[in-house]
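Below is one structure; the comments refer to it alone.
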Amino acid sequence: MAREPKLAETKLSHTAAMILQALDAGFVYGFSIMEMTGLPSGTVYPAMRRLERDELIRSHWEKQAIADAEQRPPRKYYKLTAAGKATLQASRRRYPLLERLIPTEEARTV
Amino acid sequence: MRPSSDWAYRLLHFGLLRGASFLVPTEQREEWRREWRGELWHVRQVCAPIGCDSRQGTREVTAFCLGAFQDALCLRRADRRPRLPFAAMEGTARQTILILAATLAASYAIALLLPGVRAERSLWARGVNPNLVLIEEAAATDAARPSIAPEQFRSWQGRRQKFFDGFAFYRVTRESVEAELPPGATSDKATWGVARASSNLFALLGLPVRFTEPAGVNDEGLPALILSEAVWKREFGADPQVAGLVLRLGAGTARVAGVAPDGSLALPGNVDAWLLEPNPAAEAGGAGYVIARLTPAGKAEMWAPSFRIASNTPDDAEDDLLGVSLEQWGPGPGALYGFALLLALLALPAITTVSLGESSLNPRKTSWSGRLHRWSFLVAKIALLLPIVYFVSLDLAYGFTTLGRENAAYVQLVFTFATSLFGLRWVLKDQRQRCPVCVRRVAHPAHVGQASRTFLDWNGTEMMCMGGHTLLHVPSLPTSWFSSQRWLYLDTSWNFLFAGSTRHVP
């Protein structure tokens, strides 16, 4: 049975909220999120598994041709779902400093 | 960083990821490895690029790889499907089948372990020659005691027989037994019940002797000793190489020639070993047992389980003998079981209705697969119950050798009848109280209505399917308008009662 997507009011942990914020800010793979948030791999990857399980984020593999062209292994990218975006909005209200810690791309360019 | 240590670290990191990957569920493992290998490449590029000697960077890469274990454990925990606890199985068809299967396995295992049951099954599996009879004095009060004198046996052997074409004699004595060892060595003495028997005894009985020596090995001319299976196991640890061992029996010696199969000791006399001699009745001594084989003419004449035989003693006096068919120990456990089961089936309608209470089932509410499931469950219950009854009856009847064979047969008959009867009654009653939708047993019986003095008011018991599918009405007093149980299918308005259940209303 498919799990019910989390509602926007769901209270995320600070770690999960930071990961959502990092994804929203354009850091779309595990290692870049680690770099951005300063969290260790043992925290970031399991948190992303849980967020994906709860359908707040979604993953997809980079095309092999792109990776081959850059002579590196392909990466798994993550992006926010609609439910994830709504939850992130709610989390920003709960953690007001979130946007200052990891500014989004628009905020960075302003 | 030197190239050799660089490769050592790379090998370490690869090993860490590989090790962690074994914690990941199999179906996700390949993709997990692919993602972590890709990420590791990028981490190395940033933290410890080739040619850059950075211990800090290597430590960071190692820390990154160690984090893979937490990720793998997270996936492993998430993959653990919720196991169905035993409490959640309460009343389900699966629980009933599991309990019956476990009972069957336990009763079968006990039947395999009990030597009495094993011997009985082996004896009846082999079958007894219907032409074999045990001859005893008609005046003998106890059939288990020997009653034929050796002189009498010798006189029969010397005469031409019309009704018998083979005789074997054996006499049981208690003798001390010890292994013959080289001078100086010591061995334990034991006392066995040794039957000094005619050398044709096993051929006459048709019993195969196991673990025999190849022909021509015993050239010492020692008499052959056949061990009983119990003694072979107890004294020789079931050694298959026991044949050829020379034993001291009382004043003489004998060579072990093989092992008699289980069940051969059903002959009277507690025999631990059979010493085969050309003419055991040659010496005067105590009485013994005589086994005889009937000719076809003899079988036609003496077909009853036991019959009188008129004979003459060696001094020409009249002797009254009794021939007891070795078959007369009655039908085997299988036949007894079948007979008792038939009786139970005949008696079943007297103690319960054989209806399954399905007349009120709505065919539109019960699917074809649901009906098949229900019937399969009924068949499975019966198929498990019947062997349980068989094996438990064997365990009880033949597990205790002190009962004796005749008493054991009675015990088996009575037990099989009672348990089959009440077992089948339980099967039908249980089936009537199974929800037609989920085959789960209905629960929480509630008495409804008032006990009627005029027999006009309805009263009875209602039980609810815990899956929320149905309600069962069982009338206390069957009336012309409500004579048997009825099922009521619950619609969605009952959902509030079953919040959290996996309810599916067809």
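The values are calculated or read from the model by the stated rules, or taken from the named source; none is laboratory data. The structure presented is a predicted model; accordingly, all values stated were derived computationally and were not measured. Cβ atoms come from the backbone with ideal geometry, glycine included; neighbour counts cover every protein chain shown.
Going by the conditions given, is A:E62 among the charged types (D, E, K, R), without any contact (Cβ under 8 Å) to a residue 24 or more places away in the chain and either within 17 Å of A:S13 (Cα to Cα) or at the interface with chain B (Cβ under 9 Å from one of its Cβ atoms) (or both)?
Details: among the charged types (D, E, K, R): yes; without any contact (Cβ under 8 Å) to a residue 24 or more places away in the chain: yes; either within 17 Å of A:S13 (Cα to Cα) or at the interface with chain B (Cβ under 9 Å from one of its Cβ atoms) (or both): yes.
Taking the combined requirement at face value, the residue satisfies it.
Quick check, is B:L75 within 11 Å of chain A (Cβ to nearest Cβ) and at pLDDT below 90?
Against the criterion (within 11 Å of chain A (Cβ to nearest Cβ) and at pLDDT below 90), B:L75 qualifies.
Counting only residues that are surrounded by 13 or more Cβ atoms within 10 Å (Cβ to Cβ) and more than 30 Å from B:A149 (Cα to Cα), segment B:299-344 holds 12 of them. Scanning segment B:192-211 for residues that are more than 33 Å from the chain's Cα centre (by Cα) and more than 19 Å from B:G285 (Cα to Cα) returns a single hit, B:N200. Considering segment A:55-65 alone, what residues qualify as being surrounded by fewer than 18 Cβ atoms within 10 Å (Cβ to Cβ) and at pLDDT 90 or above? If the condition is that a residue be surrounded by fewer than 18 Cβ atoms within 10 Å (Cβ to Cβ) and at pLDDT 90 or above, then A:R58, A:S59, A:H60, A:W61 are the ones that fit. Inspect all residues belonging to segment B:390-411 and state whether any of them is under 16 Å from the mean Cα position of the chain (by Cα), among the β-branched types (V, I, T) and surrounded by 18 or more Cβ atoms within 10 Å (Cβ to Cβ). Looking for residues that are under 16 Å from the mean Cα position of the chain (by Cα), among the β-branched types (V, I, T) and surrounded by 18 or more Cβ atoms within 10 Å (Cβ to Cβ), one finds at least one in segment B:390-411, hence yes. Does A:E70 satisfy being at pLDDT below 90, within 9 Å of chain B (Cβ to nearest Cβ) and over 14 Å from the mean Cα position of the chain (by Cα)? Considered against the rule, which asks whether it is at pLDDT below 90, within 9 Å of chain B (Cβ to nearest Cβ) and over 14 Å from the mean Cα position of the chain (by Cα), A:E70 comes out as no. Tell me which of these B:P261 doesn't satisfy, since it passes every other one: (1) modelled with pLDDT of 80 or more; (2) outside any strand (DSSP E or B). (1) is the only condition that B:P261 fails.
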